[in-house]
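**Student:** Structure provided below as structure tokens; questions to follow.
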Amino acid sequence: MNIFYNIGINLAWPVLWIGSFFSRKLKLFCVGRKHLVKRMESAFSEVNDDVVWFHCSSVGEFEQARPLIEWYKSNRSGIKILLTFFSPSGYELRKNYSLADWVFYLPMDTRSNARRVMRAVRPKKLIFTKYDLWSNYILQAKKAGVELYLISAIFRPYQSFFQWWGGFFRKMLRHFTTIFVQDEASAKILKSIGIADNVIVAGDTRFDRVAKVASQGKALTVVENFIKDTFTIVAGSTWLPDDELIADVLKNFSKLRLIVAPHEIHKERISKVQEVYSSYGVAKYSEVADEVQIESISENPASLFTQKRVLVIDSLGLLSSLYRYADIAYIGGGFGVGIHNTLEAAVYGVPIAFGPNYKKFKEAIDLIECNGATSIGTASELYQFIDNCMKDNELRGFRGKSSREYVEKNLGATQKIIAVIESLS
């Protein structure tokens, strides 16, 4: 399997380059890795400080790593932080993240790349997030005596680690100093394959992250002027199927206002969102975002939105603060690859709805079980969810309270992890 893995990694590169001519995302993936190992060797050529290396697949995993990065920056002044991403979605959004000393794509996981990067970086700790594991980097870190950690991990029976042919993948897990899992079910299934001594149930660091964001209370004047006292849905990280479903239902609620934050905000996507909601009157956030400009246009900024029922968010970094303005939240992705971050909404104590593809996400399952969230598959189901929440304040309050309490009872993973990995220093 090791031979096949390394052959596959080397063959993947030319295939990805060909694909980059047809895909914007693949183009970013490939161009971002051009001369990448040399750039990393140059960046670390004169570094003598201890380096803690965090690797994340994309944006969601970054949010899990972020509480630990913030802890190091606040409590270990002599530590330098390297942050790497596999996906362009994560790298492009966080390439200028101020708390990291270096942000790079992860070079392809070839033996040569892993050896060269490990020699250049010489990390004290290498922390992987959730499940984006790369064999050659793990092996080279182990050989170099680097402390290896996996945080906020979650394991399920269908994963490769637990198949009859999964010995190669199980071996990766045995190299870790400590694996911090989200739940007892993950610990149990790891024990079934003989991995127990280096496993700790710590929870998910995203709970700590969303709680911190909520406590900082970022006010958005444009949003406040848009919603005023109207019943508001915030639809976050939507894809086209989500938008089409919501647009179909919106015609039944003449007094409802919608804030929609698409998962992607490139020009073509935003244009499509505007088209889908065009019959309801659409305002684009970037066009009204300057608070001073709004005040200069009118003594009553809310009048800008008189004929607008939909506010499209075409700016980055706002979603986690938008949910505070929601009466109910809709989380996108459930009609595609899977739903996005439900915790960003749950922390504000709002009822949540999302599509049917949610079963890979523990927090979504938990939120349904505690009545904080509902899965919907059709327009009629979404209509019923909205109608019930609008007509029954007590029901809406109960659902929202259930969401918030779920977040509150799962706080503390960051401190549990830090207590262990720092005691080994």
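Read the figures in this text as sums done on the coordinates, not as results from a lab. A quick note: this is a predicted structure, and the numbers were derived from the prediction, not measured. Virtual Cβ from ideal backbone geometry, glycine too; neighbours counted across all protein chains shown.
**Student:** In terms of the Cα gyration tensor, with a ≥ b ≥ c the square roots of its eigenvalues, is segment 215-408 rounded because a/c is under 1.5, prolate because a/b exceeds b/c, or oblate?
**Tutor:** The shape class here is prolate.
**Student:** Separation between the A12 and K124 pseudo-spin-labels, each 7 Å from Cα along Cα→Cβ, expressed in nm?
**Tutor:** Result for the modelled spin labels: 3.1 nm.
**Student:** Hey, another quick one. Evaluate the relative contact order of the chain (contact order divided by residue number), counting alpha-carbon pairs under 8 angstrom at least 6 apart; express in whole percent.
**Tutor:** Relative CO of the chain lands at 12 percent.
**Student:** I'd like the Karplus ³J(HN,Hα) series for segment 397-405: coefficients 6.51, -1.76, 1.60, θ = phi - 60°, whole numbers in Hz, and an x wherever there's a Gly or Pro.
**Tutor:** Once θ is set to phi - 60°, the couplings for segment 397-405 become x, 5, 5, x, 4, 4, 4, 5, 5 Hz.
**Student:** Count charges around D109 for me, please; just the other residues with Cβ under 13 Å from its Cβ, Lys/Arg as +1, Asp/Glu as -1.
**Tutor:** +3
**Student:** Here's another thing I want to ask about it. Which residues' amide hydrogens lie under 5 Å from the amide hydrogen of G166, considering only partners 5 or more residues apart or on another chain, with H built in the peptide plane?
**Tutor:** When sequence neighbours closer than 5 places are left aside, there are no close amide H contacts.
**Student:** Here is a follow-up. Under a point-charge model restricted to the Cβ atoms of Lys and Arg (+1) and Asp and Glu (-1), what is the dipole moment magnitude of the chain relative to its Cα centre, in debye to the nearest 20?
**Tutor:** About 1760 debye.
**Student:** Right, next: How much net charge surrounds K27 when only other residues with a Cβ under 14 Å from its Cβ are counted (Lys, Arg +1; Asp, Glu -1)?
**Tutor:** That works out to +3.
**Student:** What distance in nm separates the simple spin-label points at A419 and D49, each placed 7 Å from Cα in the Cβ direction?
**Tutor:** If labels sit at A419 and D49, their model points lie 2.8 nm apart.
**Student:** Is the shape of segment 350-390 best called rounded, prolate or oblate, per the rule: a/c under 1.5 gives rounded, else a/b larger than b/c gives prolate, else oblate, with a ≥ b ≥ c the square roots of the Cα gyration tensor eigenvalues?
**Tutor:** Judged from the Cα gyration tensor, segment 350-390 comes out oblate (a/c at least 1.5, b/c at or above a/b).
**Student:** Quick one: order R66, R257, R396 by neighbouring beta-carbon count within 10 Å, fewest to most.
**Tutor:** Lowest count first: R396, R257, R66.
**Student:** Report the extension gain between E369 and E41 in nm, rounded to one decimal, defined as 0.36 nm multiplied by the number of residues separating them, less their alpha carbon distance.
**Tutor:** 113.2 nm
**Student:** Would you mind counting up the charge near V199? Only other residues with Cβ under 12 Å from its Cβ, with Lys and Arg at +1 and Asp and Glu at -1.
**Tutor:** Local charge sum for V199: 0.
**Student:** Give me, ordered by chain and number, the residues 5 or more places off T178 or on other chains with an amide H under 5 Å from its own placed amide H.
**Tutor:** Answer set, sorted by chain and number: L148, L150.
**Student:** Taking amide H positions as placed in the peptide plane 1.01 Å from N, state which residues far from I259 in sequence (5 or more) or on other chains have amide H under 5 Å from it.
**Tutor:** Here the answer is I233, V234, A235, L311, since their amide H atoms fall under 5 Å of that of I259.
**Student:** Using Cβ counts within 10 Å as a stand-in for footprinting exposure, how do W164, W239, W134 rank, fewest first?
**Tutor:** With the sparsest Cβ surroundings first, the list reads W164, W239, W134.
**Student:** Please work out whether segment 344-421 counts as rounded, prolate or oblate from its C-alpha gyration tensor, where a ≥ b ≥ c are the square roots of the eigenvalues and a/c under 1.5 means rounded, while otherwise a/b larger than b/c means prolate and anything else oblate?
**Tutor:** Here segment 344-421 falls in the oblate category.
**Student:** On to the next question. Restricting attention to segment 17-54, which trypsin sites (Lys or Arg not before Pro) occupy a DSSP loop and are surrounded by at most 11 other Cβ atoms within 10 Å?
**Tutor:** K34
**Student:** Shifting gears a bit: Quote the relative contact order of segment 215-408 in percent (integer), defining contacts as alpha-carbon pairs under 8 Å separated by 6+ residues.
**Tutor:** Computed over segment 215-408, the figure is 23 percent.
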